[in-house]
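The block underneath contains the structure these notes are about, expressed in structure tokens.
The values are calculated or read from the model by the stated rules, or taken from the named source; none is laboratory data. All figures in this text were calculated on a predicted structure; none of them were measured in a lab. Note that we place each Cβ from the backbone using ideal geometry, even for glycine, and neighbour counts take in every protein chain shown. What goes into the accessible areas is simple: the full protein's heavy atoms, side chains included, and nothing from ligands, DNA or RNA. Shrake-Rupley method; radii C 1.70, N 1.55, O 1.52, S 1.80 Å.
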Amino acid sequence: MVHGSKSIDHYWVNISELPYFRALLRAVEARFYEGIDLGRPILDLGCGDGQFVTTAFSEKIDIGLDPWTAPVLEASGRGGYLSVVQGSGYDLPF
């Protein structure tokens, strides 16, 4: 099961990379996921640049999917996913 680490101050982790309002939103979202055990496989639909998953989860997420090239490339480089795929949620490439 994958979940956020309860020992992390999510706001301070995010504020180093994001504008304050986005850091606050991401911190609240990360706290929400701390209480949820996610079964495998996990698909992050609309993974964007992968910033959130690398700060909110203690283990890699199975698949990140996004339709845009630049965010997919950035998410691939962050290392938060086992696999990052460029594709549409309307027509999943699986």
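Some observations on this one:
- For Leu92, the conditions (1) modelled with pLDDT under 90; (2) assigned to a helix (DSSP H, G or I) are fulfilled apart from (2).
- Residue that is surrounded by the fewest Cβ atoms within 10 Å (Cβ to Cβ), among those in region 78-94 that are closer than 23 Å to Leu25 by Cβ and either in contact with a helix residue (DSSP H, G or I) (Cβ under 6 Å, 6 or more places away or on another chain) or without any contact (Cβ under 8 Å) to a residue 24 or more places away in the chain (or both): Arg78
- Where Thr55 falls short, out of the listed (1) farther than 23 Å from Arg22 by Cβ; (2) modelled with pLDDT under 95: (1)
- Tally of residues being touching a helix residue (DSSP H, G or I) at 6+ places or on another chain (Cβ under 9 Å) and open to solvent by 40 Å² or more (accessible area, probe 1.4 Å) across region 58-77: 2
- Residue satisfying all of: in region 37-52; out of contact with any strand residue (DSSP E or B) (no Cβ under 7 Å at 6 or more places or on another chain) and either part of a helix (DSSP H, G or I) or farther than 18 Å from Ala27 by Cβ (or both); most open to solvent (accessible area, probe 1.4 Å) among these: Asp37
- Every condition in (1) assigned to a helix (DSSP H, G or I); (2) over 21 Å from Val28 (Cα atoms); (3) open to solvent by less than 40 Å² (accessible area, probe 1.4 Å) holds for Thr55 except the one numbered (2).
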